[in-house]
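Reviewing the structure listed below.
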Amino acid sequence: MALALRERGDEVRLTDRDPVSVRMATELGAGVPLEDGDGPADVAVIAVPPAAVAATLLDAQKRGLARVYTDVASVKSRPLREAAELGCDLTCYVAGHPLAGRERSGPAAARGDLFVGRPWALCPTPKTLPEAVEAVTALAEACGAQTVVVGAEEHDRAVALVSHGPHVAAAAVAARLEAAPEVALGLAGQGVRDVTRIAASDPSLWIGILSSNAEPVADVIDAVAADLAATAAALRAGAETDVTELLRRGGTGRRRLPGKHGDRAGTYAVVSVLIPDRPGELALLFQAAGVAGVNIEDVTIEHSPGRPVGVVELSVTPAAAQRLADELRARGWSVPG
């Protein structure tokens, strides 16, 4: 967030209980350290785990750090409840949650474009002043995000379904790999990497998130576990129809997720290209797409273990797929199909 604001020329002050993090963030150009005597900021962003939001907000308000306050915790009901119990001024506080992140953490993992095009939930209360909502909305839009105003409880149920529950499911799948034989790991393809990517996140961070949204997350896990248990029973009984039904529901649910520009992800065609693993190949690939007049909507890369080649999957509009494939073949790339 700080990097995005600095790129616009905004003034950013940084403070953290870890001076090394502040120094690193400063060196990366995210802002300058907060000094005693600095006047109140337009907006103070609290970036701490959910359980620490309320106490941090109270301390910041007592110090008069800003005119408006927000946070980025991925749970909203608990911070709001605890902030009210502590006597925080809720008129100038807008609970927020930018829905973007990485499996890595810390200043070195920061990217100024992280929130571009991403949703940013705002959960004002009846006590929140309109000018506070306007200030935090402007902050989110300055980072390239799209704000969504939603109630705190509805937000927590929603993120349990689309973020917190899937994280637990990914961890459960990844945990199967802890004692996996080497032959299985050697056969691992992009599918298992996609499913388990977020399982690489910091467990100490995630236990705070999950415990702060325990009931909604538990409901999602129960539902997933019931589907998995029923599928296991169906496989053992040879009931292929029941298994097919879960796969069908899964496909339907996946296609409901919005893609780029709000389109459904399933509206794109995928052009697969075999490319050598050497400098400049991706640049040439994108250049060829430009020559063909094809806009690449999304891209994934699957490396071949033990071989200096990989498969790049380019998502494009269906009308452009054949044109792109022809251009790539004309330039010597291997394009299946």
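Odds and ends about this structure:
- Of all the listed residues (G37, G31, G64), the sole one being surrounded by 14 or more Cβ atoms within 10 Å (Cβ to Cβ), among the small types (G, A, S) and either more than 23 Å from L129 (Cβ to Cβ) or touching a Pro at 6+ places or on another chain (Cβ under 7 Å) (or both) is G31.
- Residue in segment 67-76 that is out of contact with any Asp or Glu (no Cβ under 7 Å at 6 or more places or on another chain) and of a type in the set (K, R) present: no
- Set R255, R176, R157: member being touching a residue at least 24 places away in the same chain (Cβ under 8 Å) and surrounded by 11 or more Cβ atoms within 10 Å (Cβ to Cβ): R157
- Residue within segment 124-142 that is part of a loop (DSSP other than H, G, I, E, B) and either of a type in the set (D, E) or modelled with pLDDT under 95 (or both) present: no
- Scanning segment 96-132 for residues that are surrounded by fewer than 19 Cβ atoms within 10 Å (Cβ to Cβ) and more than 18 Å from the chain's Cα centre (by Cα) gives T125, P126, K127, L129, P130, E131.
- Hits in segment 273-310 - residues which are within 24 Å of the chain's Cα centre (by Cα), hydrophobic (A, V, I, L, M, F, W, C) and at pLDDT 85 or above: I296, V299
The values are calculated or read from the model by the stated rules, or taken from the named source; none is laboratory data. Note that the structure is predicted; figures quoted are calculated from it, not measured. Counting neighbours? That spans all protein chains shown, and the Cβs are built from the backbone with ideal geometry, glycine included.
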